[in-house]
Amino acid sequence: MVWYILILLAGYLIGSVNSAILLVWSKFRRDVRSSGSGNAGATNVARVYGMSIGWLTLACDVGKAVIAGLIGWALMGRTGLMTAGLGCLIGHCWPLFFKFRGGKGVAVAAGTLLVLDWRMFLLIVALFLACTLLSGRVSLGSLVGVASFPPLYCLFHGADAPLALGTAMCLLVIFQHRQNIRRLLKGEEPRFTARHSQQEPKK
């Protein structure tokens, strides 16, 4: 149990390093949480500051989850991997270093999934892309992607402790999208549009 607690804490600290906040501040000296949707994640960065820095943010968010997951996997196997992933997700959403205001965790969940099972990763990414392209709404693709995790995991691995941890991650991501869900139900969720340059947006 002590090892799992340590892995959870390590994952939390890694997740607390929020790339959206750091990258936008380093380039524009602005807090991404004061722009666009106010979310410290890759989608908001791309929407407000441009696709290039948005892709870089996405890569960093996935990367930190991969690092946390590999540490957990090395120490305690698949359960350790998912424990680290859960910690990383919590850190991303409520980062210790940035006043507990972070992102929604989709990229972190994707990075954890990539370490867990590449087959599931490809299937869920395909679902995400299909829903996002058809609807024009990243939030809907994200919700469909995370909702597909529990049945796919059962299909590939059966019911076990990592499934419970992964389901907790999915529920957390869905919770972080609660405002998006309300707007989707009302038909008010905006379609995704991104800036195609890295020029600082007008105030």
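Quick notes
- Set GLY77, GLY87: member being crowded, with 24+ Cβ neighbours inside 10 Å and under 17 Å from LEU163 (Cα atoms): GLY87
- Of PHE121, PHE128, all but one fail to be over 12 Å from the mean Cα position of the chain (by Cα), of a type in the set (Phe, Trp, Tyr), assigned to a helix (DSSP H, G or I) and surrounded by fewer than 21 Cβ atoms within 10 Å (Cβ to Cβ); the exception is PHE121.
- Filter result for SER37 (in a loop (DSSP other than H, G, I, E, B), of a type in the set (S, T, N, Q), within 29 Å of ARG183 (Cβ to Cβ) and more than 14 Å from the chain's Cα centre (by Cα)): yes
- The C-beta contact set for the stretch 106-135 (first residue in contact (Cβ under 8 Å) with a residue 60 or more places away in the chain, second residue surrounded by fewer than 19 Cβ atoms within 10 Å (Cβ to Cβ) and not in a helix (DSSP H, G or I), distance under 8 angstrom, 6+ apart or interchain) comprises THR132/PHE192.
- Any hit, the stretch 95-115, residues being over 27 Å from VAL17 (Cβ atoms) and within 17 Å of the chain's Cα centre (by Cα): no
- Test result for GLY85, part of a loop (DSSP other than H, G, I, E, B) and within 11 Å of the chain's Cα centre (by Cα): no
Just so you know, all these numbers are worked out from the coordinates, no wet-lab data involved. Remember, it's a predicted structure, so these values are computed and weren't measured experimentally. Note that we place each Cβ from the backbone using ideal geometry, even for glycine, and neighbour counts take in every protein chain shown.
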